[in-house]
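Taking it in order: structure first as structure tokens, then the write-up.
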2 protein chains.
Amino acid sequence: MTTLPLAGTGVTAARGFRAAGVTAGIKASGTPDLALVVNDGPALAAAGVFTSNRIKAAPVLWSQQVLKGGLVSAVVLNSGGANACTGPLGFQDTHATAERVAEALDCNAGEVAVCSTGLIGERLPMEKLLPGVDQAALALAADGGEAAAVAIKTTDTVHKTASATVGGWTVGGMAKGAGMLAPGLATMLVVLTTDAAVDSPGLDAALRAATRTTFDRIDSDGCMSTNDTVLLLASGASGITPDPEEFAEAVRAVSADLARQLIGDAEGASKDIRIDVTGAATENDALEVARSVARNNLLKCAVHGEDPNWGRVLSAIGTTAAAFDPDSLDVAINGVWVCRSGQTGDDRNLVDMSPREVVITADLHAGNATATVWTNDLTADYVHENSAYST
Amino acid sequence: MTTLPLAGTGVTAARGFRAAGVTAGIKASGTPDLALVVNDGPALAAAGVFTSNRIKAAPVLWSQQVLKGGLVSAVVLNSGGANACTGPLGFQDTHATAERVAEALDCNAGEVAVCSTGLIGERLPMEKLLPGVDQAALALAADGGEAAAVAIKTTDTVHKTASATVGGWTVGGMAKGAGMLAPGLATMLVVLTTDAAVDSPGLDAALRAATRTTFDRIDSDGCMSTNDTVLLLASGASGITPDPEEFAEAVRAVSADLARQLIGDAEGASKDIRIDVTGAATENDALEVARSVARNNLLKCAVHGEDPNWGRVLSAIGTTAAAFDPDSLDVAINGVWVCRSGQTGDDRNLVDMSPREVVITADLHAGNATATVWTNDLTADYVHENSAYST
């Protein structure tokens, strides 16, 4: 993959896009809270994946309908309020937001996707949000990707952008939050853009493949948001139709970059934990085992305490239905095989737990399939941040 | 239920049992760490339920075999080491422990159940444990139930006993730990005894029914131990064969009492959280929803912060496959219906979160089935206790 100098960063790295991030006053903190991303074409192709939580926020219900048409002219995103569990009036608020964007940009409201993130169960301050839309429309710029990425932050400590340029086309994007299947209070919102000429079905295939092995495999705390949204918009402004596999790989690479940034900024975390499961009978088995380990609070505490407690890993593996023989399990922590054949292996004192990144490898000795899931340690800071959120 | 004065407490509340708790030196702390419970008959009927974790400790594998025979003369329990993931040599240690008990009591080693709790992956110090067995056999007493309950503590701050006397027979018991499907580092061990004349299949039926709605419905941190064991032993010393339903209810009541004590003493907890799900289409639906809410780290943090954050409850419900309409969900926190019809209900400021016990009620409006699950809040103390465990 060749990386070339780019006009903008994040969602404006690809040609044919403008973006803005402004302070509408939705957040009490007075920091930027409204972002707008506009596709200037010539194409308006788009694809999206959304939370599998059955309690879906109004903007998710709206955007799912928009994406069925396969065309997106603009995406408007707000932090400072999730607009979830707000009933029919909350849905009207989302609709009104899309209409205001359509007015400001002279496009069709049915082609405006909406994303929201923040506290559940409260209506959005529309008297601030709607003027914010007008303000953002005026601020749109070909190098506005960074401002947009800043405006969607909630508890994120840094904004997240990434891009990859292959031949004459680019995939770029921005993200906020701390997980997909598992965002904390931080819903995950991602907008990816490309100037490649790819139609909506092609975008959908690339996005689903990328999400399956990136955003779907970060799991900061096992909790699933009502608002998670990942969008991919194509302007076709490069005039180039890429090889589908090459395009899918670029989307995957940018998604993986953003996913890694999300885990690195998860709430209260002091360690990033990569769980590699190898030797599984199937990829699903590998994934079930990796997720079970990733969601084990006791292990997450042990890693926080820099304790190579492999018993926690085995206990977690034992709760799954994956194919394995308990007496054949091997577990390594940061490369030291502390558990061999289901019992004590190499000296646990050889494990260096001091790096920020901790790698746990579990070999099931049941086949050749593998999977990797990322998570974080469980810390007193996580407890503090999430016990003092809405009050 | 009539409660009469009892000879002993806990496992010696019922006639026909002796018990002891001694310091064998297994624990570095020098506190009691070995308990022995002996059934003096005339009957030796028994039943047991064990962890569903596929990684089972040596004492679980051994005791499962013992219980297949339906007869138990004695139970030996040690704290200070789980004897899990210790391979064939660990299993030999369990076997040798049972043999030593059989020698000391002149009974059949195949009728000696063994329970262990403590760190995974380390061999037990048999040179200390085996003399401890002899010491415990000498200390056996008809009022030894309390000493036995003390000797099985690990991170428990108090020992737990309970009993119920109905007509002329008694059910008593002791417990340690913090969960069943969900013990922390604290494996759950429970020994129940009765002087009622009930055969092994009758005990098994009563025990499974009781466990299903008590120990199986406490979930302190979603983690499942390799060592969980619940045993019920009947001496028949009362000479009375009770009505099966009355007997089952007494076993359930004692189990519920012990389960409530376990939740009240869970690691680092500052709140006990009861989750009542009502209006479910089936009991399984109610249970799935209750467990999902109980395992939501974000909700557990919010309760710790005394924040009536009902959005966390809805997010958790939304991850289940239970029958419900998102727009029909009602949620109450300590009696205040803060969420009605899937959106903001009564004023959240009316909720008093200050009591130790917090009750969350979710009405699915999908039927008449109900279920209750108990859990705890997630605290910095939990993180501290579990990040500094083995090191």
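The values are calculated or read from the model by the stated rules, or taken from the named source; none is laboratory data. Everything numeric here is computed off the predicted structure, so don't read it as measured data. Every residue, glycine as well, gets a Cβ built from its backbone with ideal geometry; the counts of neighbours run over all protein chains shown. Note: areas computed on protein heavy atoms with side chains; ligands, DNA, RNA excluded. Shrake-Rupley method; radii C 1.70, N 1.55, O 1.52, S 1.80 Å.
Looking at this structure, is A:Thr361 of a type outside the set (Asp, Glu), open to solvent by 70 Å² or more (accessible area, probe 1.4 Å), part of a strand (DSSP E or B) and away from every other protein chain (no Cβ under 12 Å)? Walk me through how you get there before you give the answer.
Working: of a type outside the set (Asp, Glu): yes; open to solvent by 70 Å² or more (accessible area, probe 1.4 Å): no; part of a strand (DSSP E or B): yes; away from every other protein chain (no Cβ under 12 Å): yes.
Criteria not met by A:Thr361.
Just one of (1) in contact with a Lys or Arg (Cβ under 9 Å, 6 or more places away or on another chain); (2) in a strand (DSSP E or B); (3) facing another protein chain (nearest Cβ under 10 Å) fails for B:Cys339. It is (1).
Let's see how each residue does on (1) in a strand (DSSP E or B); (2) β-branched (Val, Ile, Thr):
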{"position": "A:Ala250", "(1), (2)": "no, no"}
{"position": "A:Val254", "(1), (2)": "no, yes"}
{"position": "A:Gln261", "(1), (2)": "no, no"}
{"position": "A:Ile275", "(1), (2)": "yes, yes"}
{"position": "A:Thr278", "(1), (2)": "yes, yes"}
{"position": "A:Asn284", "(1), (2)": "no, no"}
{"position": "A:Leu287", "(1), (2)": "no, no"}
{"position": "A:Val293", "(1), (2)": "no, yes"}
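Listed here are the residues, each with its yes/no results for (1) within 14 Å of chain B (Cβ to nearest Cβ); (2) farther than 25 Å from A:Ser200 by Cα; (3) among the aliphatic types (A, V, I, L, M); (4) open to solvent by 10 Å² or more (accessible area, probe 1.4 Å).
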site	(1), (2), (3), (4)
A:Val37	no, no, yes, no
A:Thr51	yes, no, no, no
A:Gln65	no, no, no, yes
A:Gly70	no, no, no, no
A:Leu119	yes, yes, yes, yes
A:Leu129	no, yes, yes, no
A:Val133	no, yes, yes, no
A:Leu138	no, yes, yes, yes
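Test A:Ser79 against the stated conditions and say whether it is hydroxyl-bearing (Ser, Thr, Tyr), open to solvent by less than 60 Å² (accessible area, probe 1.4 Å) and either away from chain B (no Cβ under 14 Å) or under 21 Å from the mean Cα position of the chain (by Cα) (or both). So A:Ser79 fits the description; yes. Condition first: in contact with a Lys or Arg (Cβ under 7 Å, 6 or more places away or on another chain) and under 22 Å from B:Val38 (Cα atoms). Now tell me which residues in segment B:73-98 satisfy that. Across segment B:73-98, the qualifying residues are B:Ser79, B:Gly80, B:Asp93.
So which residues in segment A:97-117 are open to solvent by 40 Å² or more (accessible area, probe 1.4 Å) and out of contact with any helix residue (DSSP H, G or I) (no Cβ under 8 Å at 6 or more places or on another chain), if there are any at all? Result: A:Glu103, A:Asp106. In this structure, is B:Val230 surrounded by 22 or more Cβ atoms within 10 Å (Cβ to Cβ) and out of contact with any Cys (no Cβ under 6 Å at 6 or more places or on another chain)? Yes; evaluated as a whole, the condition is true for this residue.
Yes/no matrix, rows are residues, columns are (1) at the interface with chain A (Cβ under 7 Å from one of its Cβ atoms); (2) touching an Asp or Glu at 6+ places or on another chain (Cβ under 9 Å); (3) crowded, with 24+ Cβ neighbours inside 10 Å:
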| residue | (1), (2), (3) |
| --- | --- |
| B:Ala302 | yes, yes, yes |
| B:Thr375 | no, yes, yes |
| B:Asp381 | no, yes, no |
| B:Asn386 | yes, yes, yes |
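For segment A:238-248, the set of residues classified as assigned to a loop (DSSP other than H, G, I, E, B) and surrounded by fewer than 22 Cβ atoms within 10 Å (Cβ to Cβ) consists of A:Ser238, A:Gly239, A:Ile240, A:Thr241, A:Asp243, listed by residue number.
Kindly establish whether A:Thr214 is β-branched (Val, Ile, Thr), crowded, with 22+ Cβ neighbours inside 10 Å and without any contact (Cβ under 8 Å) to a residue 60 or more places away in the chain.
Working: β-branched (Val, Ile, Thr): yes; crowded, with 22+ Cβ neighbours inside 10 Å: yes; without any contact (Cβ under 8 Å) to a residue 60 or more places away in the chain: yes.
It is true that A:Thr214 is β-branched (Val, Ile, Thr), crowded, with 22+ Cβ neighbours inside 10 Å and without any contact (Cβ under 8 Å) to a residue 60 or more places away in the chain.
Of the residues making up segment A:202-235, those that are assigned to a strand (DSSP E or B) and among the polar types (S, T, N, Q) number 1. The residues of segment A:304-327 that are surrounded by 24 or more Cβ atoms within 10 Å (Cβ to Cβ), farther than 23 Å from B:Phe91 by Cβ and at the interface with another protein chain (Cβ under 8 Å from one of its Cβ atoms) amount to a single one, A:His304.
Within segment B:289-298, the set of residues being under 16 Å from B:Val331 (Cα atoms) and either free of Cβ contacts under 8 Å to residues at least 60 places away in the same chain or open to solvent by 20 Å² or more (accessible area, probe 1.4 Å) (or both) comprises B:Arg291, B:Ser292, B:Asn296.
Confirm whether B:Leu329 is touching a strand residue (DSSP E or B) at 6+ places or on another chain (Cβ under 7 Å) and not assigned by TED's automatic domain parsing to the domain that holds B:Asp221. Spell out how you get there, then give the answer.
Working: touching a strand residue (DSSP E or B) at 6+ places or on another chain (Cβ under 7 Å): yes; not assigned by TED's automatic domain parsing to the domain that holds B:Asp221: yes.
Against the criterion (touching a strand residue (DSSP E or B) at 6+ places or on another chain (Cβ under 7 Å) and not assigned by TED's automatic domain parsing to the domain that holds B:Asp221), B:Leu329 qualifies.
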